[in-house]
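Notes to accompany the following structure.
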Amino acid sequence: MNGENKHLTHDNPFLPEPARIVRTYYLTEDVKFFQVRIVDMEKAHSFNYRPGQFAMISVVGAGEAPFSISSTPSRPGLLEFCIRKAGAVTNALFRMKENDLIGFRGPYGNGVPVEKMKDKDIIIVVGGLGAAPLRSVLLYSLDNRDQFRRISLLHGAKKPAEMIFREEFFALKQREDLECHLVVDEDDTGTWTENIGVVTTLFSLLKEIDPVNTYALVCGPPIMYKFVIKELVKLNIPKDQILMTLERRMKCGVGKCGHCAIDYIYTCLDGPVFTYWDVIHMRELI
Amino acid sequence: MRIIKLKKDNLSPFLEIISVEADLWAPVQKGDKHVFKVVDDFSKVELNTTRTILPPRKIFLPPTFSMFNISEKGYKEDLSHIKKRILFGIHPCDIHGLLILDNLFKQAYLDPYYLEARKNTLILGLSCWPDEYCFAKSTNTHIIEEGFDLFFTDLKDFFLVWIGSSQGDDLIRLKPELFDENLTDKDIQTYINWHTERDKAYKWSINFTVLPDLIELKYMDPLWEKLGNSCLACGSCTNVCPTCNCYNIMDKQFLGGKDGKMIRHWDACTLEEYSEVAGGENFRKKRSDRLKLWYTHKLQAYISKYGKPSCVGCGRCIATCPVDINVRTVGKALLGEEEDAFWVRLNMEVTK
């Protein structure tokens, strides 16, 4: 279930690999975009991962934390992350500039089973920072467009200014092979041309779906799951084709430190992508 | 397995010889309890101990150690705390504890810190006699068939020495004249008698096979809330448990420079900050939820994965928890026996 490069470089799976920040800029007031490249060029280009996997990023002196990879393996060489300022590590990252060095190790976790999704419809539902991991799946499926059938994106944010990858998704709206619906809870700018409301209101905009041949992927704040899943179940999408990616405080990423344990599973090894069926049967998942 | 004899008086000379090139860790007295410590005075080695305060995992994964030295050049692996060691006097239950940790630290990714320490430590087991807390017979960890280099069964006047590995055999060969190759029928009978009496000496038992189902059935039972109300969330049960592995990491920078260390230290899932994620969301804010995790992990989840509990019956949680929350009281409460024993007693003490 783990990525192809089990150990990126070393026998010590905890050893961070030097990586350089290539670009960084603010996506919203408290979320920053980071484009990084592993310093060793050979490793940078041979590095492979699955959409939905995560990596551990470290800053000397501040520590290490897990982050979803927002880029797609179909565009190798650079890795992208969207990071919200939340603690010691992210505060240190926000102070860093382009060309600064960080530590990197990964990829970790199961990722999204893109092979199973071949020749199926895909509905991606994201709220807030939930777009960070699922952007990888979206870009991956668009880069391999002929492998999938319908692709839909439902993306919700509180306000226009808080919608991450806003410009990117607006540009994607022009594509005819993607159904893209954007929504904000409230428009404080007066210039928002898309939908207003919660993300579940977007389901009424979806054209009739073929539930048995549909995979739905959900990521967002804990509160969102409950309402979105209700809608997906109402659409008769099988519970094991509803995938969600979950947040836990991984300290090691390799199934040792115990922080992400739920029952007998480790989110870092067996997750962070789970089906709704898993969630029903594993207490505490959401 | 080759089994030989060692006279009691020959133990100290043997320990002295084998510890020339390695640190010898053995149980010694500390206050009215015992601890594993490096010994050079072999007369201080205690043969009649029950449990040490901390389990032997402290020797393999110290409470705090450095994983990496950090400098401007980056991270450099730090294995400086790992030395050649011989661990004498470890009981069967604690050896089983190490075998359980082995599963975890070898799963999916190899943990070099634990595995290097394991590789550099010879295990010299020692038989024991249960006290009122021990329940290793219930977990079937009162006997051991693997996981040791030598194992000493204490039969009063002599030891039966079971040679479990090639390295163990090498130790014997350092001074073979201390040992006696010839076991008599009487020796064997002495062992049988010892075994029978020892097995009878366990003062209590618990049926672990039914606990996974009971945890499932009683997952929402008010007993967890009651436990949570009594729990001090001090983490002591975790610190003394031979199978607890959780840890945290942090960077420690030296004053005035860019150099530092990445430190790994013991953590406990019963502590409040344990399950907190970015932004302050906490998946287990309640003490009852954290206790559920601890007990679900050991008495249910591990059983469903490996067919046995992640508990070796050492009795440390019973001897340690200040409010009497332990595998015995929780197990009995799940089984519906003596359900109120500990918190009723607690309430009585509070109202006294």
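Sticking with the crude label model, points 7 Å out along Cα→Cβ, report the distance from B:LYS119 to B:LYS218 in nm, one decimal please.
It works out to 4.5 nm between the two label points.
Under 20 Å Cα to Cα from B:LYS286, which lysines show up? Leave out anything in the same chain fewer than 8 places away.
Qualifying lysines at Cα under 20 Å: B:LYS218, B:LYS226, B:LYS298.
What distance in nm separates the simple spin-label points at B:SER166 and B:LEU99, each placed 7 Å from Cα in the Cβ direction?
2.2 nm
Take the alpha carbon atoms of segment B:311-332, find their center, do the same for segment B:255-309, and report the distance between the two centers in whole angstrom.
About 19 Å separates the Cα centre of segment B:311-332 from the one of segment B:255-309.
Within a 10 angstrom radius of each residue's Cβ in A:266-274, how many Cβ atoms of other chains show up on average? Whole number is fine.
1
Provide a list, ordered by number, of residues in segment A:71-90 showing at least 10 Å² less accessible area with every protein chain present than when their chain is taken on its own, using a 1.4 Å probe.
Output list: A:ALA86.
Using a 1.4 Å probe on the protein heavy atoms only, what accessible surface does B:PHE42 show? Give it in Å² to the nearest 10.
Ignoring ligands and nucleic acids, B:PHE42 comes out at about 30 Å².
Along Cα→Cβ, 7 Å out, is where each label goes; now give me the distance between the ones at B:MET1 and B:GLU197 in nm to one decimal.
If labels sit at B:MET1 and B:GLU197, their model points lie 2.2 nm apart.
Excluding A:CYS180 itself, what net charge comes from residues whose Cβ is under 10 Å from its Cβ, given Lys and Arg +1 and Asp and Glu -1?
0
Would you tell me the mean number of C-beta atoms belonging to other protein chains that fall within 10 Å of each C-beta in B:247-256, as a whole number?
4
Mind grabbing the accessible area of A:LYS230 for me, 1.4 Å probe, Å², rounded to tens?
We get 130 Å² for A:LYS230.
Round to a whole angstrom and tell me the spacing of the C-alpha centers of segment A:117-165 and segment A:205-273.
Computed from Cα coordinates, the inter-centre distance equals 14 Å.
Can you find, among B:LEU122, B:GLY97, B:VAL277, the residue sitting farthest towards the positive end of the charge dipole of chain B, where Lys and Arg contribute +1 and Asp and Glu -1 at Cβ?
Checking the options against the dipole of chain B, the answer is B:VAL277.
Heads up, I need the accessible area for B:TYR302: 1.4 angstrom probe, whole protein in place, Å², nearest 10.
20 Å²
In debye to the nearest 20, how big a dipole does the protein assembly as shown give about its Cα centre with +1 on each Lys and Arg Cβ and -1 on each Asp and Glu Cβ?
Dipole magnitude for the protein assembly as shown comes out near 480 debye.
Based on alpha-carbon centroids, what's the gap between segment B:168-229 and segment A:57-115 in Å, whole number please?
Cα centroid to Cα centroid, the span is 47 Å.
Want the number for B:SER205 to B:LEU79: 0.36 nm per residue separation, take away the alpha-carbon distance, what's left?
Difference between extended and current length: 41.3 nm.
Sequence neighbours fewer than 8 away in the same chain don't count; with that in mind, list the aspartates and glutamates whose C-alpha is under 16 Å from B:LYS200.
By straight Cα distance, B:LYS200 reaches B:ASP131, B:GLU132.
Using alpha carbons only, what's the Rg to Rh ratio of the protein assembly as shown with Rh from Kirkwood?
Rounded to two decimals, Rg over Rh is 1.03.
Over the Cα atoms of chain A, Rg to Rh with Kirkwood Rh, two decimal places? Present the calculation step by step, with values, prior to reporting the outcome.
Details: Rg = 18.2 Å, Rh = 19.2 Å.
Expressed as Rg/Rh, it is 0.95.
Just list whichever of A:LYS251/B:LYS137; B:LYS84/B:LYS305; A:LYS226/B:LYS285; B:LYS156/B:LYS332; A:LYS97/B:LYS76; A:LYS230/A:LYS256 have alpha carbons separated by over 31 Å in the model shown.
The answer is A:LYS251/B:LYS137; B:LYS84/B:LYS305; B:LYS156/B:LYS332; A:LYS230/A:LYS256.
Find the accessible area per residue for the protein assembly as shown; the probe is 1.4 Å, ligands and nucleic acids are left out, and the unit is Å².
In whole numbers, the protein assembly as shown has 44 Å² accessible per residue.
Which one of B:ARG51, B:ARG264, B:ARG173 has the biggest mean-square fluctuation once chain B is modelled by GNM with Cα springs under 10 Å?
Largest GNM mean-square fluctuation: B:ARG173.
Between A:GLY127 and residues 5 or more places away or on another chain, which pairs have amide H atoms under 5 Å apart, with H built 1.01 Å from N, and which residues are they?
For A:GLY127, the qualifying residues are A:GLY156, A:CYS219, A:GLY220.
Take every residue in peptide B:108-117, count the Cβ atoms of other chains within 10 Å of its Cβ, and give the average of those counts. Write out the running numbers ahead of the final one.
Working: counts 12, 14, 7, 8, 6, 3, 1, 0, 0, 0.
For this peptide, the per-residue mean of nearby foreign Cβ atoms is 5.
Work out from phi, with θ = phi - 60° and the Karplus expression 6.51 cos²θ - 1.76 cosθ + 1.60, the ³J(HN,Hα) of each residue of segment A:241-248, listed in order in whole Hz, and give x for Gly and Pro.
Each residue's phi maps through the Karplus curve to give 10, 9, 10, 9, 10, 10, 9, 9 Hz.
How big is the Cα convex hull of segment B:86-237 in projection, averaged over all directions, in nm²?
The Cα convex hull of segment B:86-237, projected and averaged over all directions, gives 12.9 nm².
For segment A:252-258, what does the Karplus curve 6.51 cos²θ - 1.76 cosθ + 1.60, with θ = phi - 60°, yield as ³J(HN,Hα) per residue in whole Hz, taken in order and with x for Gly and Pro?
For segment A:252-258, the Karplus-derived couplings read 10, x, 10, x, 10, 7, x Hz, x marking Gly and Pro.
What cysteines in chain A have no other cysteine with a beta carbon less than 4.7 Å from their beta carbon?
A:CYS82, A:CYS180, A:CYS219, A:CYS260, A:CYS268 - these cysteines have no disulfide-compatible partner (Cβ-Cβ under 4.7 Å) in chain A.
On a 1.4 Å probe surface of the protein chains, which of B:HIS34, A:HIS259 comes out largest in accessible area, and what is the full order?
In descending accessible area the options line up as B:HIS34, A:HIS259.
Give a residue-ordered list of calculated ³J(HN,Hα) values for segment B:45-50 (Karplus: 6.51 cos²θ - 1.76 cosθ + 1.60, θ = phi - 60°; whole Hz; x for Gly, Pro).
5, 8, 9, 10, 9, 9
For segment B:67-92, list whatever residues lose no less than 50 Å² of accessible surface once every protein chain is in place, relative to that chain by itself, with the probe at 1.4 Å.
Flagged in segment B:67-92: B:PHE68, B:TYR75.
Buried by at least 40 Å² relative to the chain on its own: which residues of segment A:249-265 qualify, computing accessible area with a 1.4 Å probe on protein heavy atoms?
Residues losing area: A:ARG249, A:LYS251, A:LYS256, A:CYS257, A:HIS259, A:ASP263, A:TYR264.
Which FRET efficiency value, to the nearest 0.05, is calculated for B:PHE254 and A:SER204 with the Förster distance at 56 angstrom and r the Cβ-Cβ distance?
It comes to 0.40.
Suppose we take every Cα in segment A:114-232 and form the convex hull; what volume per residue is that in Å³? Walk me through the numbers before you get to the answer.
Values: hull volume 12.1 nm³, N = 119.
It is 101 Å³ per residue.
What total accessible surface area, summed over both chains, is buried at the interface between chains B and A, computed with a 1.4 Å probe and given in Å² to the nearest 100?
Counting protein atoms only, the buried area is about 3600 Å².
Count neighbours as other Cβ atoms within 10 Å of each site's Cβ, and list the GluC sites (Glu not before Pro) in segment A:89-179 that are DSSP loop with at most 14 such neighbours.
A:GLU98, A:GLU115, A:GLU176
On the accessible surface of the protein assembly as shown, probed at 1.4 Å, how many percent belong to carbon and sulfur atoms? Kindly include the intermediate steps, with their values, before the conclusion.
Details: 14200 of 27920 Å².
Result for the protein assembly as shown: 51 percent of the exposed heavy-atom area is carbon or sulfur.
The values are calculated or read from the model by the stated rules, or taken from the named source; none is laboratory data. This is a predicted model, so every value here is computed, not measured. For neighbour counting, all protein chains shown are included, and Cβ atoms are generated from backbone atoms with ideal geometry for every residue, glycine included. Surface accessibility is based on the protein's heavy atoms, side chains included, excluding ligands, DNA and RNA. Shrake-Rupley method; radii C 1.70, N 1.55, O 1.52, S 1.80 Å.
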